[in-house]
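These notes concern the structure reproduced below.
The values are calculated or read from the model by the stated rules, or taken from the named source; none is laboratory data. Just so it is clear, the structure is predicted and the values come from calculations on it, not from any experiment. All Cβ positions, even for glycine, are placed from backbone atoms using ideal geometry, and neighbour counts span all protein chains on display. Accessible surface is based on the protein model in full, side chains and every heavy atom, while ligands, DNA and RNA are left aside. Shrake-Rupley method; radii C 1.70, N 1.55, O 1.52, S 1.80 Å.
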Amino acid sequence: MLLLGPGSLGELLGLDAALAEPLDLYNAARGRTRRGLELLRAALERGVVRRVVYLSVDGVLPRLLGGEHVLDVYGSASRMRCTRCGRKWWLEEGTVCPGCGAPGQRDYQDAPRSRLLGEAIYELTTAGTVAVHGLGEPPLALGAVLALAASRFTRVVLLEPVPQQLRGLGLEEPGKNLVELLEELAALQSGGPS
């Protein structure tokens, strides 16, 4: 399992994670392929990484990797939802529902969605290992709480850069960044050097 925050996009896609607006990140990421993203996609497809819990509203990872692989607990500012029929679509397809013609609204909230948060907690606490990356400095509060809660039930690994506030809490810090971890997983899966 991966627990990723907004800072993970910089490493996965070579984007400036400091872009302020979620839609700016989304638009900058569309159409880009980078080694980090391809490694993550391959790890998800092979089942090496079961799922990604994503703590950003930009919609980049759910759009690029698919909703079945990414739990975006806040929803996505770049995804629309029909107020009449409930259909979901991506913002580049317009703001009017392609199904019924009703106006759509952005599919995200300022607080985590309780059903998705419950699913994320289940996934994180039942995983063999949880790797945490991109929570920021100071870390995203929900991300820190989820990492600490998961550590009661499973191995939690903090990837570089490790937020200062999470250092010294007894969580493993292997000195790897996200792409290095994904490369190591790919090598193990292909029978290469470990």
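Filtered by the rule that a residue be within 21 Å of Val49 (Cβ to Cβ) and open to solvent by less than 50 Å² (accessible area, probe 1.4 Å), region 113-128 gives Leu116, Leu117, Gly118, Ala120, Glu123, Leu124, Thr125, Ala127.
Across region 138-162, what is the number of residues that are within 23 Å of Asp110 (Cα to Cα), in a loop (DSSP other than H, G, I, E, B) and either at pLDDT 90 or above or under 17 Å from the mean Cα position of the chain (by Cα) (or both)? Number of matching residues: 2.
Within region 88-100, is there a residue that is outside any loop (DSSP other than H, G, I, E, B) and touching a residue at least 60 places away in the same chain (Cβ under 8 Å)?
The first filter runs over region 88-100 and keeps only residues outside any loop (DSSP other than H, G, I, E, B), leaving 88-93, 96.
Imposing the further condition that a residue be touching a residue at least 60 places away in the same chain (Cβ under 8 Å) reduces the set to 91-92.
Yes, region 88-100 has at least one match.
When region 67-82 is limited to residues that are under 15 Å from Ala111 (Cβ atoms) and in a loop (DSSP other than H, G, I, E, B), the one that is most open to solvent (accessible area, probe 1.4 Å) turns out to be Tyr74.
Within region 114-122, can one find any residue that is touching a Leu at 6+ places or on another chain (Cβ under 9 Å), over 25 Å from Glu45 (Cβ atoms), outside any strand (DSSP E or B) and at pLDDT 90 or above? Checking region 114-122: at least one residue is touching a Leu at 6+ places or on another chain (Cβ under 9 Å), over 25 Å from Glu45 (Cβ atoms), outside any strand (DSSP E or B) and at pLDDT 90 or above. Which residues, counting only those in region 137-187, are open to solvent by less than 50 Å² (accessible area, probe 1.4 Å), of a type in the set (Val, Ile, Thr) and either within 16 Å of Met1 (Cβ to Cβ) or free of Cβ contacts under 8 Å to residues at least 24 places away in the same chain (or both)? Listed by number, the residues that qualify are Thr154, Val156, Val157, Val162. Output yes when any residue across region 38-58 is touching a Cys at 6+ places or on another chain (Cβ under 7 Å) and either at negative phi or open to solvent by less than 10 Å² (accessible area, probe 1.4 Å) (or both), and no when none is. Checked against the condition, which is being touching a Cys at 6+ places or on another chain (Cβ under 7 Å) and either at negative phi or open to solvent by less than 10 Å² (accessible area, probe 1.4 Å) (or both), region 38-58 yields no hits at all.
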